[in-house]
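The next block holds one structure in the form of structure tokens; read it before the comments.
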Amino acid sequence: MKGVERGRMNTTSGPRIGVALGGGSARGLTHIPYIEAMDELGLKPSVISGTSIGALIGSGWAAGMSGKELREHSFEVLGTLRTIAAKLWATQVRGIGGLLKNGISMQLDATSIVDAFLPDNFPLEFRELKVPLYVVATDFQSWHQVVFNSGLLRPAIAGSLAIPSFCKPVVYDNHLLVDGGVVNPLPLDQADIDTDFLIGIDVAGDPSANLTKTDHKAIDIWFGSAQIMMHSLTAHMMAAYPPDIYIRPHVASFGAMEFWRVREIIGHADKEKDRFKWMLESKIEAYIQNRIPVIDSNPK
């Protein structure tokens, strides 16, 4: 194919790529193989936008981490339930003094979670990132979307992933922030800023695994209802900002909070890497040649 050289695309005159990374809790770990696929093609985004875990993973990508580095770091910090529990306990209590002062809360501190799971020496401010990043959160008081692309990085990410009820709202920049998925689970509008080619990776899941199931647990109903809401919001967003490539991996078999299954979740998405790379090559080459074919991003 013209424009492809030794497995990497020649995009010197290619489009500016915007990538929207959606929210979906543990299922968002499936973002990583798609980032690796772009690395393997030599493609770099010009803009990254993210909601919830998409904001967390997107921040690492924007900071210069490769897909492989994101994979290795995820395995290191999420590899076992014991590892996750130890990190969360440490951030919640911060020693006996913290326990005596704050007591034991059933709600997690999103800012402490971000501190615990980001790599050491991670950038403190948006301006230190290598790729522009737009982080989407929800202002609980005004019911509006809040977008951060400057200032402190960690509180913006924390606000974006503060799942209602599970995490305390994050007070930052005159906002009371909760999970960005409440208003914008796939922020295509932000990835479309000053870009030519738009990619959306939707990790909220689909109903296929639960069509015949009737014995749902209460937490399954809670997260499932959130998924239905997110699906509806994403449909409206896609109508307003149609992506050139839309990916929705089948992740319904993974629980929203099953982060300890990180190897299974990422391995599940590994199967889609080659198809995603073919789609990217075909679509971007067509864009360069001013002919955009219709490619089914989610064949049955």
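The values are calculated or read from the model by the stated rules, or taken from the named source; none is laboratory data. Treat the numbers as computed from the prediction; the structure is a model and nothing was measured. Don't worry about glycine lacking a Cβ; one is built from the backbone with ideal geometry, like all the others, and counts go over all protein chains shown. We work out accessible area using only protein heavy atoms, side chains counted, and drop any ligands, DNA or RNA first. Shrake-Rupley method; radii C 1.70, N 1.55, O 1.52, S 1.80 Å.
By per-residue mean of other Cβ atoms within 10 Å, what is the highest-first order of 47-57, 131-141, 25-35?
Details: 47-57: 29.4, 131-141: 23.5, 25-35: 25.7.
Ranked from most to least packed, the peptides come out as 47-57, 25-35, 131-141.
Just to check I understand the Karplus step: with θ = phi - 60° and J = 6.51 cos²θ - 1.76 cosθ + 1.60, what whole-Hz values come out for segment 16-30, glycine and proline as x?
For segment 16-30, the Karplus-derived couplings read 7, 9, x, 10, 9, 9, x, x, x, 6, 4, 5, x, 4, 5 Hz, x marking Gly and Pro.
Rounded to the nearest 0.05, what FRET efficiency do Val77 and Asn290 give with R0 = 45 Å and r taken as the Cβ-Cβ distance? Could you check?
0.50
For a 30 Å ceiling on Cα separation, which of these pairs sit above it: Lys44/Lys271; Lys168/Lys217; Lys44/Lys217; Lys130/Lys273; Lys68/Lys217; Lys130/Lys277?
On the way: Lys44/Lys271 22 Å; Lys168/Lys217 23 Å; Lys44/Lys217 41 Å; Lys130/Lys273 24 Å; Lys68/Lys217 35 Å; Lys130/Lys277 23 Å.
Beyond 30 Å: Lys44/Lys217; Lys68/Lys217.
For segment 251-291, give the magnitude of the charge dipole about the Cα centre (Cβ charges: +1 Lys/Arg, -1 Asp/Glu; no others), in debye to the nearest 20.
Numbers: 8 positive and 7 negative charges, 18 e Å.
Approximately 80 debye in magnitude.
Roll a 1.4 Å probe over the protein heavy atoms and report the accessible area of Glu281 in Å², nearest 10.
The value for Glu281 is about 40 Å².
Order the following by accessible area, largest value first: Trp61, Trp260, Trp143, Trp278. Probe radius 1.4 Å; ligands, DNA and RNA are ignored. Kindly include the intermediate steps, with their values, before the conclusion.
Working: Trp61 15, Trp260 105, Trp143 200, Trp278 135 Å².
Final ranking, largest accessible area leading: Trp143, Trp278, Trp260, Trp61.
Ser66 versus Arg275, label points 7 Å from Cα toward the beta carbon: distance in nm?
The answer from the label model is 2.6 nm.
For the pair Arg263 and Ser165, what calculated FRET efficiency results from E = 1/(1 + (r/R0)^6), where r is the Cβ-Cβ distance and R0 = 35 Å, to the nearest 0.05? Intermediate values should be presented prior to the final figure.
Numbers: r = 28 Å, r/R0 = 0.80.
Working from the Cβ atoms, E equals 0.80.
Fully extended, how many nm does the chain gain between Ala240 and Asp206 (0.36 nm per residue separation, minus their Cα-Cα distance)? Intermediate values should be presented prior to the final figure.
On the way: separation 34, 0.36 × 34 = 12.24 nm, distance 2.12 nm.
Extra length available between Ala240 and Asp206 comes to 10.1 nm.
Testing the spin-label approximation: label points 7 Å from Cα along Cα→Cβ at Gln107 and Asp196. State their distance in nm.
The answer from the label model is 4.7 nm.
Relative contact order for segment 35-89: what percent, with Cα pairs under 8 Å and sequence separation of 6 or more?
Details: 21 pairs, mean separation 15.6, N = 55.
It comes to 28 percent, rounded to a whole number.
How long is the gain from Asp215 to Arg16 if the chain were fully straight, where each residue apart is worth 0.36 nm and the alpha carbon distance is subtracted?
So the extension gain works out to 67.0 nm.
With the crude spin-label approximation of a point 7 Å out along Cα→Cβ, what separation in nm comes out for Ser150 versus Ser282?
In this crude label model, Ser150 to Ser282 measures out at 4.2 nm.
Tell me the accessible surface of Arg16 in square angstrom (1.4 angstrom probe, heavy atoms of protein chains only), to the nearest ten.
110
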